[in-house]
């Protein structure tokens, strides 16, 4: 029989977990701490000293890896909330209202206050890089590329366009746009829905791993080991590192695994038989789940 997803708002609210707000707060804190460590290391003049510190203090390496872990948490929640919001009406409007007001308010501040201050040389170089260093040789490109952040496509541009820290918002909106189309292909009301979900998860793993293999092969990553993550860079290695950063971290394709976990989590919670099965057999997790996260 086909799977029946909850269409009654009262039933749908059963899977609206209150701890989600706490997870967001923890993830936000982790992203902030990790990025502070990352940018301190990136801006250090003596790169070799940074590598020595990381070798001698593993906890520092752990802090620098925090953004990846906690960003994955955000994107898993993105998949969960997208699946939860699919059936109620006005899906696209609700997703747009969730992301656009705060993003557009921030971009208006950037355009009308920050960029004029940069042009008048009233902002320090470190603060300027947070907004305007879309091209190491031409920071004036920022005003010209700001449209991409408004259109939620700046993660597709080199250096993530202007206000590059909004790349994750672009990834979320792109996933929100695709989610209903994927649901149409999965046809939840028809028999064999769970089988189709399993095949979709397996195809996602193959697609993400294939994408990453293509990126590594294009830059021949094995010839750069140990990877000079914080520099110093030659012209060639800098171009390869920026490409790897853009293609393997900023793109939607590289995060399909984590967002798919969120979708699977919602489908699991909305299926009474699956919930009972997991309660009876706690170790019987969906086999694709760890593979999706690794991908």
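The values are calculated or read from the model by the stated rules, or taken from the named source; none is laboratory data. Since the model is a prediction, treat every value here as computed from it, not as a measurement. Here the Cβ positions follow ideal geometry from the backbone for every residue, glycine too, while neighbour counts run over all protein chains shown.
Does residue 152 satisfy being at pLDDT 85 or above, outside any helix (DSSP H, G or I) and surrounded by 16 or more Cβ atoms within 10 Å (Cβ to Cβ)?
yes
Per-residue answers, yes or no, for (1) surrounded by fewer than 16 Cβ atoms within 10 Å (Cβ to Cβ); (2) within 23 Å of the chain's Cα centre (by Cα); (3) part of a helix (DSSP H, G or I):
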residue: 179; (1), (2), (3): no, yes, yes
residue: 198; (1), (2), (3): yes, yes, yes
residue: 206; (1), (2), (3): yes, yes, yes
residue: 211; (1), (2), (3): no, yes, yes
residue: 215; (1), (2), (3): no, yes, yes
residue: 229; (1), (2), (3): no, yes, no
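Listed here are the residues, each with its yes/no results for (1) closer than 11 Å to residue 252 by Cα; (2) in contact (Cβ under 8 Å) with a residue 24 or more places away in the chain.
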site	(1), (2)
153	yes, no
157	no, no
161	no, yes
164	no, yes
168	yes, yes
172	yes, yes
175	yes, yes
181	no, no
187	no, yes
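Here's the yes/no breakdown for (1) modelled with pLDDT under 75; (2) surrounded by fewer than 11 Cβ atoms within 10 Å (Cβ to Cβ):
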{"site": "7", "(1), (2)": "yes, yes"}
{"site": "15", "(1), (2)": "yes, no"}
{"site": "41", "(1), (2)": "yes, no"}
{"site": "44", "(1), (2)": "yes, no"}
{"site": "53", "(1), (2)": "no, no"}
{"site": "64", "(1), (2)": "yes, no"}
{"site": "69", "(1), (2)": "no, no"}
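Among 137, 175, 96, 112, which is at pLDDT 85 or above and farther than 22 Å from residue 74 by Cα?
Answer to the selection: 112.
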